[in-house]
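Participant: Following this message is one structure expressed as structure tokens.
The values are calculated or read from the model by the stated rules, or taken from the named source; none is laboratory data. It should be emphasised that the depicted structure is a prediction, and the values quoted were computed from it without experimental measurement. Cβ placement follows ideal geometry from the backbone for every residue including glycine, while neighbour counts extend to all protein chains displayed. Heavy atoms of the whole protein, side chains included, go into the accessibility calculation; ligands, DNA and RNA do not. Shrake-Rupley method; radii C 1.70, N 1.55, O 1.52, S 1.80 Å.
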Amino acid sequence: MTPSVASPRIAVLDIGKTNLKLLVASEDGWPLETHAIPNIPNTKGPYLTYDLAGLEEWFLDTLAVVSQRHAIGAVIAAAHGCGAVLVDGNTPVLPMMDYDAVSPPAIDQAYARIAPAYDEVFCGISGAMRLGKQLLWQESAYPVEFARARTYLTTAQFFALRLGGRAASEISQLAAQSHIWDLVRHQPSSLMRKRGWDHLLPDRAPAGAVLGTVSEAVARRTGLARSTEILCGVHDSNANLFRYKAAGMADASILSTGTWMIGFQRDLASDKLDARRAMVLNIDVDGENVPSTLIATGREYDLIRRENDAADAAVLAALPSLLAQGTLALPSFVGDDGLFPGAANRGRIIGPPPETPAEWQGLAVLYAAFSANRCLDALGSSKCIVIDGGFAANLPFARCLATLRPSQSVSVSQSRDGTALGAALLWRRFSRTLPVSSVVLEAVTLLGEEGRESRALSTAYQSWIAFSEHSS
């Protein structure tokens, strides 16, 4: 089924850590047009920052292009977690900090003393710089500018404001490993209240709620009608998760993949979350708890394979020799422990090193599949599994994961834009009564014949676990 040409469209501003994307979709989630550019941080500011003015210019320019071909009825932004802007009116008082910014040691030490407890915010202080720590750094280093701030907006809601909507907070972004929200008591975190920062958070609105219409200046610049609705935005991976909920697949285990790999599993009790094992709690767009795992698998994959690239067939052909000779990549290749406590920055390769591009990529595939399998074990996954995002296009990864979990069906999304399409489905979601049909999946087949590769892969996985636990 394809949408009617005459029906109104929604434009999604997808602000990822690696790429910026503008996608036009039908209201029931069919993709129509996509534009994308790399998201390059600004290294010339007071800290590593986002070029908000540059991002806005690109989005406005691209909206002007797509509005010539589509009747855009609404615009919504989706953004990664740990990004937010201090504003006065609708203007930033300080540049938006990139969560990869390196904070001064004094800030690290001070934040370690005041950070909220895990059982309040359900994430630790390692990895991406939490919004709470960003606020401490900005207040300490730039008190004059900080004092001018009247509102603190997570990224998607900042862009809604800039386009003409009112200031609002949204639960999936507030709760996305930020340290600014108490996920148990449903209020600003103890850190926010003790530091007197809680007044900066505007009233909450549901993802997809209408915050206004485009401003006259935006309409003039882009050609959008003044009646074009500005929707309250959403956390990117939670947009992806909502897409499956809208398709009647709320019980599936979802792997939302990109720079980060996030595993979602709704039916795990929150007391099963382990702070030491990359386990976090997300809150979805409807305010429901979604236990999750959060690891930087996409980034590690690129670090392991280096600049090597090979066709899927060549990578699949290289896997048996890697498994036979015991070549493994052990965590962690980033400054985050991930699944194994103490593993940060200790990544290494054991066994005979890969020699060909296919072997290097195959090693990265095994690492990613083993990591994903460990996440699914931690989440107690027992039903169908869906791989969405960048790794959905990685056939060797998908087949390895399916082989490691033969009792479960594993499928890959046929769309590479799950985040943006999930955000698109938030438009008019409160009036939708039937599951959408725009989520198209393809079943993944297992590796090899007669179980030989399955046994070799399972043995290698058990070795990887043992070596990783020992190394960490």
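Participant: How high is the relative contact order of region 130-199, given as a whole-number percent (alpha carbon pairs under 8 Å, six or more residues apart)?
Facilitator: Over region 130-199, the number comes to 28 percent.
Participant: To continue, here is another question. Please list the non-local residues whose amide H lies under 5 Å from the amide H of L20, H modeled 1.01 Å from N, same-chain partners needing a gap of 5 or more.
Facilitator: Sorted by chain and number, the residues that satisfy this are I37, N39.
Participant: Among 334-342, 403-411, how do they line up from the highest to the lowest mean number of other beta-carbon atoms within 10 Å?
Facilitator: 334-342, 403-411
Participant: List the residues, sorted by chain then number, that are 5 or more residues from V280 or on another chain and whose placed amide H is less than 5 Å from its amide H.
Facilitator: Result for V280 returns S292, T293, L294.
Participant: Here's something else I'd like to know. Could you work out the relative contact order of region 188-334, using alpha carbon pairs under 8 angstrom and six or more residues apart, expressed as a whole percent?
Facilitator: Result for region 188-334 is 15 percent.
Participant: Further question: In whole Å, how far is the Cα centre of region 387-416 from that of region 305-335?
Facilitator: First find each Cα centre; the distance between them is then 17 Å.
Participant: Report, in listed order, any pair from K44/K272; K21/K272; K194/K383; K21/K245 with a Cα-Cα distance greater than 32 Å.
Facilitator: Listed pairs above 32 Å: K44/K272; K21/K272; K194/K383.
Participant: Using only helices, what value at 222 nm comes out for the chain when you add -39,500 (n - 2.57) per DSSP H run of length 4 or more and divide by the total residues, to the nearest 500 deg cm²/dmol?
Facilitator: So the helix-based figure for the chain works out to -10500 deg cm²/dmol.
Participant: If you roll a 1.4 Å probe over the heavy atoms of the protein chains, what accessible area per residue do you get for the chain, in Å²?
Facilitator: 38 Å²
Participant: Here is a follow-up. If you place +1 on the Cβ of every Lys and Arg and -1 on the Cβ of every Asp and Glu, how big does the dipole about the Cα centre of region 320-472 come out, in debye to the nearest 20?
Facilitator: Charge dipole of region 320-472: 520 debye, to the nearest 20.
Participant: A follow-up question, please. Can you run phi through the Karplus equation (6.51, -1.76, 1.60; θ = phi - 60°) for region 343-356 and list ³J(HN,Hα) in whole Hz, with x for Gly and Pro?
Facilitator: Here the 3J(HN,Hα) series is 8, 3, 6, 10, x, 7, 10, 10, x, x, x, x, 10, 10 Hz.
Participant: Give, rounded to the nearest 20 debye, the magnitude of the charge dipole that region 41-182 has about its Cα centre when Lys and Arg contribute +1 at Cβ and Asp and Glu contribute -1 at Cβ.
Facilitator: 200 debye
Participant: State the Cα centre-to-centre distance between region 5-49 and region 252-299 in whole Å.
Facilitator: So the two Cα centres are separated by 23 Å.
Participant: For the chain, take the longest principal axis of its alpha carbons; what is the angle in degrees between that and the long axis of helix 52-66, to the nearest 10 within 0 to 90?
Facilitator: 90 degrees
Participant: Could you check the simple spin-label distance between A466 and A313, using points 7 Å along Cα→Cβ, in nm with one decimal?
Facilitator: Roughly 3.7 nm, to one decimal.
Participant: Out of residues 5 or more away from V214 or on other chains, whose amide H comes under 5 Å of its own, with H placed 1.01 Å from N in the peptide plane?
Facilitator: T228, I230
Participant: Please list, in order along region 243-254, the HN-Hα scalar couplings obtained from phi with the Karplus expression 6.51 cos²θ - 1.76 cosθ + 1.60 (θ = phi - 60°), rounded to whole Hz, x for Gly and Pro.
Facilitator: Residue by residue, region 243-254 yields 4, 6, 4, 5, 8, x, 10, 5, 7, 5, 7, 10 Hz.
Participant: Using only Cα atoms and rounding to the nearest 10 degrees, what angle (0 to 90) does helix 312-325 make with the longest principal axis of the chain?
Facilitator: Relative to the chain, helix 312-325 is tipped by roughly 50 degrees.
Participant: Please report the accessible area of I349 (heavy atoms, 1.4 Å probe, ligands and nucleic acids excluded) in Å², nearest 10.
Facilitator: Number for this one is 60 Å².
Participant: Given a cut-off of under 8 Å on Cα pairs at least six residues apart, what relative contact order in percent is computed for the chain?
Facilitator: Relative contact order for the chain comes out at 15 percent.
Participant: Can you send over the carbon and sulfur percentage of the accessible area for region 97-210, probe radius 1.4 Å, protein chains only?
Facilitator: It is 52 percent, rounded to a whole number.
Participant: Now for a separate question. Among rounded, prolate and oblate, which fits region 184-271 when a ≥ b ≥ c are the square roots of the eigenvalues of its C-alpha gyration tensor, a/c under 1.5 means rounded, and a/b larger than b/c means prolate?
Facilitator: oblate
Participant: Find out how many positive minus negative residues lie around E27, taking Lys and Arg as positive, Asp and Glu as negative, among other residues whose Cβ is under 11 Å from that of E27.
Facilitator: +3
Participant: On to the next question. With +1 on each Lys and Arg Cβ and -1 on each Asp and Glu Cβ, and nothing else charged, work out how big the dipole of region 276-368 is about its Cα centre, in Debye to the nearest 20.
Facilitator: 460 debye
Participant: Related question: Does region 139-242 classify as rounded, prolate or oblate by the C-alpha gyration tensor (a ≥ b ≥ c root eigenvalues; a/c under 1.5 gives rounded; else a/b over b/c gives prolate, otherwise oblate)?
Facilitator: oblate
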